[in-house]
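Before any comments, here is the structure.
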Amino acid sequence: MFPRAYPAVPISGLVASVLILLAGLFSDLGPPPPAGQLLRGTVIAVQRDSGGHIVTALVQADTEGGPVICGIDRAAFGGQRLPALHAELTVDYQPMGCALPPVSRQLPRWAILALGGIGAALMVLWLRAGR
């Protein structure tokens, strides 16, 4: 009924699924640490290029040394859409400039656990059906 490689495939899949489950349980899935310090900022203006296209949002961040103005490129924002004027946002401030805070690009923990659990269940069913 099953091909000759029957025991190796589901057992390998079961081991892989259990490893995925363990990775989902014990991995640190938070965003990376910021490069500087996270501060509240307010969009005070936008800059345009020579063609009139908006390319940079000027953000005023209140630091310990007083207010600082820095620019964040349009490409840094999701969908390359700049926030509205006077919108408040969190910025990752460094003395060299500021950027948007880092965001985790990993799968959420529930997705990793679901993948591992479904894979393990399918492999166990395959092993039981092969008896």
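Overview of results
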quantity	calculated
Mean accessible surface per residue for the chain, computed with a 1.4 Å probe while every protein chain stays in place, in Å²	68
Estimated distance in nm for a label pair at T63 and Q106, the labels positioned 7 Å out from Cα along Cα-to-Cβ	3.1
Gained length - R40 relative to L127, 0.36 nm times residue gap less alpha-carbon distance	25.8 nm
Potential extension, V15-R81 segment - 0.36 nm per residue separation minus Cα distance	19.4 nm
All-pairs alpha carbon distance profile, segment 73-124, 10 Å steps from 0, percent	18, 31, 19, 17, 12, 2
For the chain, built as a Gaussian network whose Cα springs stay under 10 Å, the top-fluctuating residue of G71, G79, G97	G79
Largest-first principal axis extents of the Cα set of the chain (Å)	71, 37, 21
Net +/- balance of residues flanking A99 in space, Cβ distance below 12 Å, scoring K and R +1, D and E -1	-2
Label-point separation in nm, F26 to T90, each point 7 Å along Cα→Cβ	2.9
Segment 47-121: relative contact order as a whole-number percent, Cα under 8 Å and 6+ apart	19
Size of charge dipole - the chain - debye, nearest 20, with Cβ of Lys, Arg +1 and Asp, Glu -1, no other charges	880
For segment 13-72, alpha-carbon Rg relative to the globular expectation (2.2 N^0.38 Å, N residues)	2.02
Taking the chain and dividing mean pair separation by its residue count, relative contact order in percent (alpha carbons under 8 Å, at least six apart)	35
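The values are calculated or read from the model by the stated rules, or taken from the named source; none is laboratory data. What you are looking at is a predicted structure, and each value in this text was computed from that prediction instead of being measured. Glycine also receives a Cβ, built like all others from the backbone with ideal geometry; neighbour counts cover every protein chain displayed. Keep in mind that these areas ignore ligands, DNA and RNA; they rest on the heavy atoms of the full protein, side chains included. Shrake-Rupley method; radii C 1.70, N 1.55, O 1.52, S 1.80 Å.
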